[in-house]
Amino acid sequence: MSKLGDLGAKLYRGEVGYDFVGKRFLWYGVSILITITAIVALAVQGLNMGIEFKGGAVFTTSKSSISVAKATEVAEKASGHDAIVQELGTGGLRIQISGLDTAAATDVKKTLAADLKVSEADINADLVGPSWGEQIANKAWTGLGVFMVLVVIYLAIAFEWRMAVAALIALIHDLTITVGVYALVGFEVTPGTVIGLLTILGYSLYDTVVVFDGLKEGSKDITKQTRWTYSEIANRSINGTLVRSINTTVVALLPVAALLFIGGGFLGAGMLNDISLSLFVGLAAGAYSSIFIATPLVVDLKEREPAMKALKKRVLAKRAAAAAKGESPDEGYESEDEPQVVAQGRPGRRR
């Protein structure tokens, strides 16, 4: 068995573990700091909305010997607006200019043809109205709202309302961080970005539900035993799925990283950046929130219950009594006195 597999087996059996829940206020602090940074970046710098949302014109040229830097200079001088120029695989150029109407686009096309030394007939001009982008944004907000409502309803029915609230907060946390990163780096927000944002919601929720499922099974009949508190069972559930979460996150991030850093950065396919950045940041944030935010939040909500408070008092009292007698805290426990903990999607087993 590999070292990682051996570690996973030990985590699953509860032989080793890290106190994620016990250090939850540290994770909360880190998340609050990151979230505040994202909100400030969004408020100060704002989002660099793509042409699909602002309206404008996209000019596509045939093969040209003009450099991207020179073409950008020519396009901005001809239009009086900022221009984004990308080199296509065919050797042509894609010139994107926001804020142009039909008349202005015609004049810019003529100027580009002369300055780039290509025939006007070899330049294709596409006009994009801002109303189309507004429709896309409205549909995205509607889809996001419906998704959130369905998530809360499903989790409240399948698990409990506390888990539904925690999952919703984790999703909002992931979205805020991802949007904040876009504001910080200045990447364009396009329909591809919106698709990426909606995609990461499903991934983040999937990882969270796996941990919640283990917690639900592990906390069954929890008040009938005095060995574990709710927070300790929650921590065992996180540790039991930790290696699985790491593996799935790494496997998911590798192809997305290839799109972002190799395709968008090294090869210069800038059109890949809009969707790959949202996926990369969102996947990483989703894995983080599933482990460090969602389950600890459930613990904070659950341990406010009188039954959980009473259980914690009984557990601590029994441990104190055992310590006073010089006994091991685990002495005197029968296997039936310990709740089951389910991890990594496998059936529960008695420890």
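The values are calculated or read from the model by the stated rules, or taken from the named source; none is laboratory data. Remember, it's a predicted structure, so these values are computed and weren't measured experimentally. Virtual Cβ from ideal backbone geometry, glycine too; neighbours counted across all protein chains shown. Just so you know, the surface numbers come from the protein's heavy atoms only, side chains and all, with ligands and any DNA or RNA stripped out. Shrake-Rupley method; radii C 1.70, N 1.55, O 1.52, S 1.80 Å.
A few notes on this one:
- Scanning the range 34-53 for any residue that is more than 30 Å from the chain's Cα centre (by Cα), more than 30 Å from A166 (Cα to Cα) and aliphatic (A, V, I, L, M) turns up nothing.
- Only listed residue being modelled with pLDDT of 85 or more and in contact with a strand residue (DSSP E or B) (Cβ under 6 Å, 6 or more places away or on another chain), chosen from L47, L26: L47
- Candidates I262, I246, filtered to the one that is over 26 Å from P191 (Cα atoms), open to solvent by 60 Å² or more (accessible area, probe 1.4 Å) and modelled with pLDDT under 85: I246
- Residues (modelled with pLDDT under 55 and among the small types (G, A, S)) located in the range 311-337: G332, S335
- Qualifying positions in the range 16-61 - in contact with a helix residue (DSSP H, G or I) (Cβ under 7 Å, 6 or more places away or on another chain) and β-branched (V, I, T): V16, V21, I34, T35, T37, I39, V58, T61
Each row is one residue, and each column tells you yes or no for (1) open to solvent by less than 30 Å² (accessible area, probe 1.4 Å); (2) part of a helix (DSSP H, G or I); (3) within 17 Å of D122 (Cα to Cα).
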site: S65; (1), (2), (3): no, no, yes
site: A69; (1), (2), (3): no, yes, no
site: A75; (1), (2), (3): yes, yes, yes
site: A78; (1), (2), (3): no, yes, no
site: H81; (1), (2), (3): no, no, no
site: V85; (1), (2), (3): yes, no, yes
site: I95; (1), (2), (3): yes, no, yes
site: L100; (1), (2), (3): yes, no, no
site: T106; (1), (2), (3): no, yes, yes
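- Taking first residues from the range 217-235 that are farther than 23 Å from F292 by Cβ and open to solvent by less than 20 Å² (accessible area, probe 1.4 Å) and partners that are of a type in the set (D, E, K, R) and assigned to a loop (DSSP other than H, G, I, E, B), the Cβ contacts under 9 Å between residues at least 6 apart in sequence or on separate chains come to Q225/E338.
- Answer residue from the range 279-309, given it is open to solvent by 40 Å² or more (accessible area, probe 1.4 Å) and small (G, A, S) and is nearest to I172 (Cα to Cα) among those: A284
- Residue selected from the range 135-193 under the condition of a type in the set (S, T, Y) and surrounded by 15 or more Cβ atoms within 10 Å (Cβ to Cβ), by the criterion nearest to the chain's Cα centre (by Cα): T178
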